[in-house]
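To keep things clear, I will list the structure first and then write my remarks on it.
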Amino acid sequence: MIICPAQHFDIFSIMNIERQSFIPAIQEKKRVFEKRLKIFPEGFLLLADCSDEVVLKNKTALVCGYLCSERWDFLPACDEKLLRKRFALGHNPLHTHKTEGPFLYISSFALLKDYRSKGLGSKFFKNAVAALCSSLHGIEKVVIIVNSEWEAALKIYRSIGFEEYFILKEFFPTIQKKVCSDGIIMTLDAAKFREMEFSGGEEAIKI
């Protein structure tokens, strides 16, 4: 497994992961990902399976995960109206991304179904964010928003050290159209990622 920068020709692989990972009501549109790639390419990373088996089968490595981000100049104080606007699904990164912003917002992170429940999600997330925090000058805080129903994702983030910042009630649409789940905003000092140590071996993810 390797982590590599996303390219514009990867958009179809990214959209395939998106469709496998989220219900239609919260899937990001292709144009949103294209804007993220154009505005902040350094913050858009892929997880690729380059094992011999996969390469022989597909004639190329397989993009099996993605993580994209933005840099923000501020995180609104615990003001529900401002936070809902800032974290709005499908928002235009042109309006929120600031080149020198100290907040790294992980706007989306997902894996193909066949690569889940194997510990890869946690490894990919930690390695990718650690790489961004180390390579991007001036990052002080990492920010995420998590659906309260995504127990596996919450487990990963809490195990890393993320702490709750604010809860946006009924933020995420669900399959039950009249019911929405909460969005949990979480933060962690970027220094924690820069301090992380990663083990080698066959299961290591290379950057």
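The values are calculated or read from the model by the stated rules, or taken from the named source; none is laboratory data. Since the structure is predicted, the reported quantities are computational estimates derived from the model, not experimental observations. Glycine gets a Cβ as well: all are built from the backbone with ideal geometry, and neighbour counts include every protein chain shown. The protein model used for the area step is the full one, side chains on, heavy atoms only, and it has no ligands, DNA or RNA in it. Shrake-Rupley method; radii C 1.70, N 1.55, O 1.52, S 1.80 Å.
Remarks
- Over the range 77-162 - Rg/Rh using Cα atoms and the Kirkwood inverse-distance radius: 0.97
- A probe of 1.4 angstrom, applied to the heavy atoms of all protein chains, finds T99 with accessible area near 100 square angstrom.
- Shape box of the range 18-90 [Cα atoms, principal axes, largest first, Å]: 52, 27, 21
- A Stokes-Einstein calculation at 37 °C with viscosity 0.692 mPa s, built on the Kirkwood radius of the range 1-52 over Cα pairs, returns a diffusion coefficient of 278 µm²/s.
- Each of V143, A25, I167 was scored by the projection of its Cα onto the charge dipole of the chain, and the greatest displacement toward the positive side belongs to A25; charges sit on the C-beta of Lys, Arg, Asp and Glu.
- Close amide H pairs (under 5 Å, H built 1.01 Å from N) link A6 with F44, L45, L46, residues at least 5 positions away or on another chain.
- Residues whose placed amide H lies under 5 Å from that of F171, excluding near-sequence neighbours: S181, D182, G183
- For the pair K113 and K59, a Förster radius of 25 Å applied to the C-beta separation gives a FRET efficiency near 0.70, rounded to the nearest 0.05.
- This model, with +1 at the C-beta of Lys and Arg and -1 at the C-beta of Asp and Glu, gives the chain a dipole about its Cα centre of some 680 debye.
- With DNA, RNA and ligands ignored, accessible area of C4 (1.4 Å probe; Å², nearest 10): 40
- For the chain, the mean residue ellipticity at 222 nm estimated from helices alone is -9500 deg cm²/dmol, where every DSSP H run of n ≥ 4 contributes -39500 (n - 2.57) and the total is divided by all residues, rounded to the nearest 500.
- Using θ = phi - 60° in the Karplus curve 6.51 cos²θ - 1.76 cosθ + 1.60, the 3J(HN,Hα) couplings for the range 94-103 round to 4, 8, 10, 6, 10, 3, 9, x, x, 9 Hz; x is entered for Gly and Pro.
- L82 accessible area, 1.4 Å probe, all protein chains in place, Å² to nearest 10: 90
- J(HN,Hα) series, the range 64-69, from Karplus relation 6.51 cos²θ - 1.76 cosθ + 1.60, nearest Hz, glycine and proline x: 10, x, 9, 9, 10, 8
- Considering all C-alpha pairs of the range 140-201, those separated by over 15 Å amount to 56%.
- Here the range 7-35 and the range 38-99 have alpha carbon centers that stand 10 Å from each other.
- Principal axis extents of the C-alpha atoms in the chain (largest first, rounded to whole Å): 51, 39, 32.
- Rolling a 1.4 Å probe across the protein heavy atoms gives the range 66-176 an accessible surface of 50 Å² per residue.
- The trypsin sites (Lys or Arg not before Pro) of the range 38-115 that DSSP puts in a loop, and whose beta carbon has at most 14 other beta carbons within 10 Å, are K59, K98.
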